[in-house]
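Written out below as structure tokens is the structure these notes cover.
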Number of protein chains: 2
Amino acid sequence: MCPPALIPYKPRNPKTRLSAILSQEEREQFAGHMLSDVKDAVKDALCSPVLVCSELFDSEDVQVTITDTDLNGSLNEILPQTAAEALIIMADLPLANAEAIRRVTSTKMDMAIVPGRGGGTNVIFLKEPKRFHVDYYGASFIKHMKIAEEEGLSCEVIDSFRLHTDIDEEEDLVELLIHGSGKSRAYLEELGFSLSTEKGRVGVARNR
Amino acid sequence: MCPPALIPYKPRNPKTRLSAILSQEEREQFAGHMLSDVKDAVKDALCSPVLVCSELFDSEDVQVTITDTDLNGSLNEILPQTAAEALIIMADLPLANAEAIRRVTSTKMDMAIVPGRGGGTNVIFLKEPKRFHVDYYGASFIKHMKIAEEEGLSCEVIDSFRLHTDIDEEEDLVELLIHGSGKSRAYLEELGFSLSTEKGRVGVARNR
């Protein structure tokens, strides 16, 4: 009934591309709040979040699977053991909401995918997880579309900016401050971040 | 039956943020091909494209309105004269397709809006154009949401990365090379652009 939503998560020293504006401790907190927003959206969409970590990590409210390989290795161990449907969703999608996730999980095709900005893959939904394997990093969206084709799986590309927008760089924080409504946006504001407009272009400024 | 799709268009020296990788002539050609892709999508969605230009511009296949004011002035002159529904869509959205545009024009609310990356506004659909006025530049998405509220108009935000992705900078070309299927993608390829992956990050390279 409730398909698992596998969420790869790196608790220690995450989001290094934000190092210029956030300390390591702030990045760890921020990543935790983004994860929390993703978990909330996933639960609202009636999926069961399962964290997939390569480091020891305790969570009071969701199942955690600790693996000793990388992202691809971990997921490719889990998928063949998953009997029914499975969702894979990244932890840095704080604009995710239940409506967008339901557009993914209600696909009529064998699987659905949401591309991330820059060629990545942000969400994959699989009706038969054992027929697919993942290949993240680089232009993984193209690789995943090719794997689907090779495996004879029909695949719907879901057109969502909420699930397309992964938060990696300073300019991505603009999207979160404009469109976010959860804990990670509140945390940014707590740290003193707000929108700033210079020469007609919108960025973020931090008031310390 | 076919609502007008107002498309603001600047034929001369457009897309200056691409100057480092495209000559002025190439930028003008590229902007023309993006416009063509947008026109095709708009027509497939059963809207009638109308170009809104502040410079003299001839188009063999669509209506052109020449105005002598800026973007806001031009549109705010046209909207009160528009009797029925109207769509406003930017010319630099070459990933637009009919399906995404139909999600906008089929809103049950008084209007629909699609945010652009960085706080902008890429698409607006108005059931009663005379009740709205536009205020582009800067964080226009926030301004437009506020105008809707002030005018008592219910407004749906459409969640589409195809309409969210405006092509302004070099890194945006990655999206076009991955997700585009029209003339502007073909033109980029003709100019020698292709995807390149360095250190796991995807960019574009030009083979001259």
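Here, each number is a calculation from the coordinates, and none is a lab measurement. The structure presented is a predicted model; accordingly, all values stated were derived computationally and were not measured. Note that we place each Cβ from the backbone using ideal geometry, even for glycine, and neighbour counts take in every protein chain shown.
Overview of results
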{"quantity": "Per-residue average of Cβ from other chains inside 10 Å of A:160-170", "calculated": "4"}
{"quantity": "Cα-based Kirkwood hydrodynamic radius, region A:165-208, one decimal, Å", "calculated": "10.6"}
{"quantity": "Average other protein chain Cβ within 10 Å of Cβ, residues B:200-206", "calculated": "4"}
{"quantity": "Within a Gaussian network of chain B (alpha carbon springs, distance under 10 Å), most fluctuating of B:24, B:81, B:63", "calculated": "B:81"}
{"quantity": "Span-rule helices in chain A, defined as complete DSSP H runs reaching 24 Å or more along the axis (Cα) with Kyte mean at least 0.0", "calculated": "none"}
{"quantity": "Principal axis dimensions, region A:123-208 - Cα atoms, whole angstrom, descending", "calculated": "52, 28, 21"}
{"quantity": "Residues whose placed amide H lies under 5 Å from that of residue B:48, excluding near-sequence neighbours", "calculated": "B:5"}
{"quantity": "Cα lying deepest toward the dipole's positive end in region B:4-167, options B:54, B:11, B:165, charges on Cβ", "calculated": "B:165"}
{"quantity": "Mean separation of Cα contacts under 8 Å, 6 or more apart, over the residue count of chain B: relative contact order %", "calculated": "21"}
{"quantity": "Per-copy distances of the residue B:20 label point, shortest first, in nm (7 angstrom along Cα→Cβ)", "calculated": "1.2"}
{"quantity": "Whole-angstrom gap from region B:16-37 to region B:112-126, using each part's C-alpha centre", "calculated": "22"}
{"quantity": "Ratio Rg/Rh [Cα only; Rh per Kirkwood] for chain B", "calculated": "0.97"}
{"quantity": "CD proxy at 222 nm, helix term only [per DSSP H run n ≥ 4: -39500 (n - 2.57); per residue of chain B; nearest 500]", "calculated": "-9500 deg cm²/dmol"}
{"quantity": "Kirkwood Rh, angstrom, the protein assembly as shown [1 / mean 1/r, Cα pairs]", "calculated": "22.5"}
{"quantity": "Gyration tensor (alpha-carbon) shape descriptor, region B:98-143, a/c threshold 1.5", "calculated": "oblate"}
{"quantity": "Extension reserve of the residue A:64-residue A:81 stretch, reckoned as 0.36 nm per residue once the Cα distance is removed", "calculated": "4.6 nm"}
{"quantity": "Estimated D of region B:1-56 in µm² per second, where Rh is the Kirkwood radius over Cα pairs and Stokes-Einstein applies at 10 °C, 1.306 mPa s", "calculated": "131"}
{"quantity": "Nearest-to-axis residue of chain A, judged by beta-carbon position, where the axis maps A onto B, in Å", "calculated": "A:161, 2"}
{"quantity": "For residues of A:108-116, the mean tally of beta carbons on other chains within 10 Å", "calculated": "1"}
{"quantity": "Rounded, prolate or oblate (a/c below 1.5 giving rounded, otherwise prolate when a/b exceeds b/c) for region B:32-147 by Cα gyration tensor", "calculated": "rounded"}
{"quantity": "Among B:39, B:15, B:146: highest mean-square fluctuation, GNM of chain B, C-alpha pairs under 10 Å", "calculated": "B:146"}
